[in-house]
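Read the figures in this text as sums done on the coordinates, not as results from a lab. Given the structure is predicted, the values throughout are model-derived calculations rather than measurements. No Cβ is skipped: glycine too gets one built from the backbone with ideal geometry, and neighbour counts run over all protein chains shown.
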Amino acid sequence: MATETFRYPRRFKTMTAVSGVVFAALAIMLLMWLDIGPVRHTELFVAIMLTVGTSLAWCVTMFRRADDEVVLDESSIAYRVPGRPTLILSWPEITRVRARDVLQRLDLSDVTGTRRIVLAYQMENFARLRQIIRERTTPATTTGSPQRVFAKSLGAILLPLHWPVVFVIVAAWFWRHGSSPLALLFGIAWGVWVVLSPPWRVRLLDDAVAVDWLAWSRTISYGDVVAVRIKELKDIPDKETTGGVATVMIETTRGDVIKLAGFKDGSFALYRALDEASKLGRSRV
């Protein structure tokens with residue numbers, strides 16, 4: 001294996017710096033607003049400040065990481081930070097690989113958990129980086145049987161409801177003041193669709209994979225699985241500066257693609273288990 005180096009895009013540092021300045025200015029403006037008069041809706045003000053503060057913290061963190069780089073070779077992975085000692089983990093030392101999809105990063109650690117490398121989805125050619133890690137690392141051995149059920153947490157199921165809920169609240173206010181209830185009904189239907197449309201559980205059976213939605217289920221024979229892939233899907237197609245939603249995709253012989261995202265154990269574990277199970281299942285057919 002030839003040595004490969006992965007870095008953040010050139011525009012990434014500028015993007016985080018500009019965004020950080022914008023969020024800092026917004027936070028200052030909101031705090032100055034307190035001098036003008038009392039806040040009528042305290043809970044709304046606190047929610048806005050938490051959102052701005054979290055976004056600012058992310059910008060500062062990623063700005064500090066923008067010059068970091070990752071170097072991979074036949075024997076190890078090295079994480080280089082300018083002005084600091086290089087952290088090197090040999091491939092056999094890596095005992096845990098966990099995708100933290102909400103934070104858009106991949107965590108690699110040794111058996112003690114004290115030596116850890118964090119790889120952000122925003123790095124250039126991250127798909128290639130993840131594939132090498134997939135090929136070079138071995139899942140941690142477990143005393144029991146391999147994990148065969150992957151599910152979303154209740155929070156992950158309900159999180160996409162935030163925009164429909166906001167829409168319903170606004171529509172309900174207008175309805176109470178004489179407007180048509182159609183907007184309110186649309187908001188309710190939108191919320192139901194948001195909850196029911198994505199799968200919430202995957203079960204690896206002996207001869208098939210079962211994908212469960214809240215209202216129905218589908219069983220796919222391993223022989224009908226063409227491929228299992230993982231990719232960052234983005235609402236805004238800006239590949240240079242933004243990470244995406246890590247999504248595991250099952251391609252079937254029917255020509256459709258089942259997209260799986262937001263699972264509790266992370267996309268990397270789900271992808272590895274699905275890929276291995278489907279390959280083993282197809283070999284038996």
Name the residue farthest towards the positive end of the dipole of the chain from the options SER179, PRO9, SER217, assuming +1 on Cβ of Lys and Arg, -1 on Cβ of Asp and Glu, about the Cα centre.
SER217
Checked the stretch 241-282 with the C-alpha gyration tensor, a ≥ b ≥ c its square-rooted eigenvalues, rounded below a/c of 1.5, otherwise prolate if a/b is larger than b/c and oblate if not; verdict oblate
Could you pull out every residue, at least 5 positions away or on a different chain, whose amide H is within less than 5 Å of the one on ALA120? Hs are placed 1.01 Å off N in the peptide plane, and Pro or chain starts have none.
LEU106
Which whole-Hz couplings ³J(HN,Hα) result when phi for each residue of the stretch 209-223 is put into the Karplus expression 6.51 cos²θ - 1.76 cosθ + 1.60, θ = phi - 60°, listed in order with x for Gly and Pro?
10, 9, 10, 10, 9, 5, 10, 7, 9, 9, 10, 10, 4, 4, x
Determine the alpha carbon to alpha carbon distance for each of LYS231/LYS264; LYS13/LYS259; LYS152/LYS231 and list only those over 20 Å.
LYS13/LYS259
So what's the Cα pair-distance distribution over the stretch 26-90, bin width 5 Å, in %?
3, 14, 16, 14, 10, 8, 8, 8, 7, 6, 4, 2, 0
Ordering of 200-211, 32-43, 75-86, 102-113 by burial proxy (mean other Cβ atoms within 10 Å per residue, highest first):
200-211, 102-113, 75-86, 32-43
If the only charges are +1 at each Lys and Arg Cβ and -1 at each Asp and Glu Cβ, what is the size of the charge dipole of the chain around the Cα centre, to the nearest 20 debye?
100
Which value at 222 nm does the chain reach when only helices count, each DSSP H run of 4 or more adding -39,500 (n - 2.57), with the total divided by all residues and rounded to the nearest 500 deg cm²/dmol?
-13500 deg cm²/dmol
For the chain, whose charge dipole is built from +1 on Lys and Arg Cβ atoms and -1 on Asp and Glu Cβ atoms, the candidate among ILE77, SER145, TRP91 with its Cα farthest towards the positive end is SER145
The chain, convex hull of Cα, quarter of hull surface, nm² -> 20.3
Based on alpha-carbon centroids, what's the gap between the stretch 28-61 and the stretch 174-193 in Å, whole number please?
29
Scanning the chain for helices, which whole DSSP H stretches are 24 Å or more long along the axis (Cα) and average -1.0 or more by Kyte-Doolittle?
10-36, 42-65, 267-284
For VAL81, distant residues with modelled amide H under 5 Å away:
LEU87
Listing PHE263, PHE63 by rising number of other beta-carbon atoms within 10 angstrom, fewest first, gives PHE63, PHE263
Apply the Karplus curve 6.51 cos²θ - 1.76 cosθ + 1.60, θ = phi - 60°, to the phi angles in the stretch 74-84 and return the couplings in whole Hz, x for Gly and Pro.
4, 10, 7, 10, 10, 10, 10, 10, x, x, 10
